[in-house]
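The structure appears right after this line, and notes come after that.
What follows is calculated from the coordinates using simple rules that are stated; it is not laboratory data. Model, not experiment: these values are computed from the prediction. Note that each Cβ is placed from the backbone with ideal geometry, even for glycine, and that neighbours are counted across all protein chains shown.
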Amino acid sequence: MNSKKQMTSRQLQAIERKQQLLDSAKNLFAKNGYYNTSVRSITQSIGMADGLIYHYFPKGKLEILHTIIREGCEVLSEHVNKIIAGIDDKMTLNEVMVYFCKEARNTFQLDNELIIIMFREKDLLGTETRELLLKTFAKIWSAVNAFLKKRAQFGEIRQLDFGMATHQLMSTVASTVIMKYLVDSERQEHNDDTYIERLIEFTTHSWKKLD
């Protein structure tokens, strides 16, 4: 039997109200910042009495922040796993890098509010969240590093300092994400696929064997 069918209407309502609180807080944290968002503003936006917030989140606003970031990071981690699983040995180095750049941008677009909160409130991240983020980053780093080593074995690139090459590749991917959000609409050439392909070609040129 479906677990939701086993729940009472009161339990389902509690889950819904808790999610409403999280959604309201996420929107306000992203818009105004954690410190500029009051508990009252979170509850008022969904028509809830102020005191009820502590029924769902006994530790108050900070617990809400940690819940938003932890749950969001779990979703991002799952997305990263899918990106890594999508790498095929038949893909060329440049194809993989284009794939990484596009998927990295898509990952950030999954939840713009979450990304804003994570960067703005980084000093408030809990230990659990920090560890999850580090594990996710380490997983990406290891996958990229292993991929580059395999490409060297295939003879597609020369032997390198693969740690530095991985850093260079990750920086290239990060730069395309930053450009996506910082470049104004009149300079969209920095956001299209052709520009990404040119950037990647420039990045990988020094890795290839000279004829």
- Item | Estimated FRET transfer efficiency when R0 is 35 angstrom, pair residue 201-residue 75 (beta carbons, to 0.05) | 0.60
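Taking 0.36 nm per residue of separation and subtracting the Cα-Cα distance, what length does fully extending residue 154 through residue 109 add?
Result: 12.8 nm gained on full extension.
Beyond 30 Å between alpha-carbons counts as too far, so tell me which of 26/82; 18/102; 122/149; 82/150; 26/90 fall in that bin.
18/102; 122/149; 26/90
For Cα pairs less than 8 Å apart in space and 6+ apart in sequence, what is the mean separation divided by the residue count of the stretch 1-58, i.e. the relative contact order in percent?
For the stretch 1-58, the relative contact order is 27 percent.
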- Charge tally for neighbours of residue 63 with beta carbon under 14 Å away, counting Lys, Arg as +1 and Asp, Glu as -1, is +2
- How long is the gain from residue 36 to residue 94 if the chain were fully straight, where each residue apart is worth 0.36 nm and the alpha carbon distance is subtracted? 16.5 nm
- Note on the structure: Where a ≥ b ≥ c are root eigenvalues of the Cα gyration tensor, a/c under 1.5 meaning rounded, otherwise prolate if a/b exceeds b/c and oblate otherwise, the stretch 65-205 counts as oblate
- Determine, from the Cβ-Cβ distance of residue 146 and residue 62 and an R0 of 30 Å, the FRET efficiency 1/(1 + (r/R0)^6), rounded to the nearest 0.05. 0.20
- Peptide ranges 128-134, 141-147 listed from the most packed, as the mean C-beta count within 10 angstrom indicates: 141-147, 128-134
- Query: Among 172-178, 158-164, 19-25, 105-111, what's the highest-first ranking by average C-beta atoms within 10 angstrom per residue?
  - Reply: 19-25, 172-178, 105-111, 158-164
- Query: residue 171 to residue 23: FRET efficiency via 1/(1 + (r/R0)^6), r the Cβ-Cβ distance, R0 30 Å, to the nearest 0.05?
  - Reply: 0.35
- Message: With a cut-off of 8 Å between alpha carbons and a minimum separation of six or more residues, what is the relative contact order of the chain in percent?
- Response: 21
